[in-house]
Amino acid sequence: MWSRAYALATLVSLAGCRAQPSEPKFPSAQRDVAPIVGDTFSTEDARDRVGEAEEVMELAGIKPGMSVADVGAGKGYYTVRLAKVVGARGRVLAEDIVPEVRDELGERIQRERLDNVAVKLGSANDPMLPANSFDRVFLVHMYHEVEQPYAFLWHLREAVKPDGLIVVVDSNRAVKQHGMPPQQLRCELGALGLQPVKFSMLSGGDVYFAAFRIAGPRPRPEQIKPCKATS
């Protein structure tokens, strides 16, 4: 009996000592990354006066019954507006990487009784979205803050349905000024097999709308060719 127990303990110990699978190695950004300055881009009243969300949702073709992800949702400006448009038959998943922000947003969702919204915590390099689940994935005023864009996009694209879109809203200015030059954006998403299908400057400023679809297989991390920084 003792010898059997000893043998079992030895096997368990050896199994624990085996090397764990290493994390995929992705290329670095090779450009500036803007610091995260807060969870609020602007006041909601100010953004409503500009009409950005309505314009973006129209360009994105948001309809009742759609399944949508709001990545980097912050306090939920887009989340609550998307929830109203997709309606009771639709679903919105709001993701953020800061636990306190996620909790605050969860409280808001409960307070406003948005039964078609779920809130989850992701990580900086992986939003941890369910695979093949969304008609639209929104990245609003946040992509320039992603420290490892190739790892982030590599995970993110798996969440999009075959006919779905990744929607980016950002400013046409330098990354250090909390923007993302469109040429840089197209290059980085293109490195992950994502093809632009729509681009439009939004009303009254330097903010743009860009939509991408999956146009090729997901490359292995070591196959990704990083983009040089654009001015």
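The values are calculated or read from the model by the stated rules, or taken from the named source; none is laboratory data. All of these numbers come straight from a predicted model, not from anything done at the bench. All Cβ positions, even for glycine, are placed from backbone atoms using ideal geometry, and neighbour counts span all protein chains on display. With ligands, DNA and RNA removed, areas are computed over all heavy atoms of the protein, side chains included. Shrake-Rupley method; radii C 1.70, N 1.55, O 1.52, S 1.80 Å.
Figures for the structure shown
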quantity	calculated
Residue pairs, from the table Lys25/Lys198; Lys25/Lys75; Lys63/Lys198; Lys75/Lys176; Lys75/Lys161, whose Cα atoms sit over 29 Å apart	Lys25/Lys198; Lys25/Lys75
Surrounding net charge for Gly193, when Lys and Arg each add one and Asp and Glu each subtract one, Cβ distance under 12 Å	+3
Mean residue ellipticity (222 nm) of the chain, computed from DSSP H runs ≥ 4 via -39,500 (n - 2.57), nearest 500	-9000 deg cm²/dmol
Length released on extending from Lys63 to Met128, taking residue separation times 0.36 nm less the Cα-Cα span	21.0 nm
Leu165 long-range amide H proximity, modeled H, under 5 Å	Arg136, Val137
Net lengthening on full extension, Arg218/Gln148 (0.36 nm per residue, minus Cα-Cα)	23.5 nm
Cα-based shape type of the range 40-111, given that a ≥ b ≥ c are square roots of the gyration tensor eigenvalues and the cut on a/c is 1.5	oblate
Solvent-accessible area per residue, Å², over the range 100-231 with all protein chains present [probe radius 1.4 Å]	47
Derived scalar couplings ³J(HN,Hα) [the range 80-87; Karplus, 6.51 cos²θ - 1.76 cosθ + 1.60; whole Hz; x for Gly, Pro]	5, 6, 5, 4, 5, 6, 6, x
Carbon + sulfur, % of accessible area of the chain - ligands and nucleic acids excluded, 1.4 Å	53
Simple label model, 7 Å out from Cα along Cβ direction - Ala88 to Lys198, nm	2.7
Karplus 3J(HN,Hα) series, Hz, for the range 59-71 with 6.51 cos²θ - 1.76 cosθ + 1.60 (x for Gly, Pro)	4, 7, x, 6, 9, x, x, 6, 10, 10, 10, 10, 8
Leu129 long-range amide H proximity, modeled H, under 5 Å	none
Under Karplus coefficients 6.51, -1.76 and 1.60, residue-wise ³J(HN,Hα) of the range 135-141 in Hz, glycine/proline x	6, 9, 10, 9, 10, 10, 6
Estimated FRET transfer efficiency when R0 is 35 angstrom, pair Ala118-Gln183 (beta carbons, to 0.05)	0.50
Packing-based order for 219-225, 63-69, using average beta carbon neighbours within 10 Å, highest first	63-69, 219-225
5 angstrom amide H check on Leu202, placed H, neighbours 5+ away	Val207, Tyr208, Phe209
Calculated FRET value between Gln30 and Asp103, using beta carbons and R₀ = 22 Å, to 0.05	0.05
Cβ-placed point charges (K, R +1; D, E -1), dipole of the range 107-149 about Cα centre in debye, nearest 20	180
Relative packing of 83-91, 148-156, 110-118, which averages over residues the other C-beta atoms within 10 Å, highest first	148-156, 83-91, 110-118
The chain - Rg (one decimal) and Dmax (whole number), Cα, Å	20.3, 80
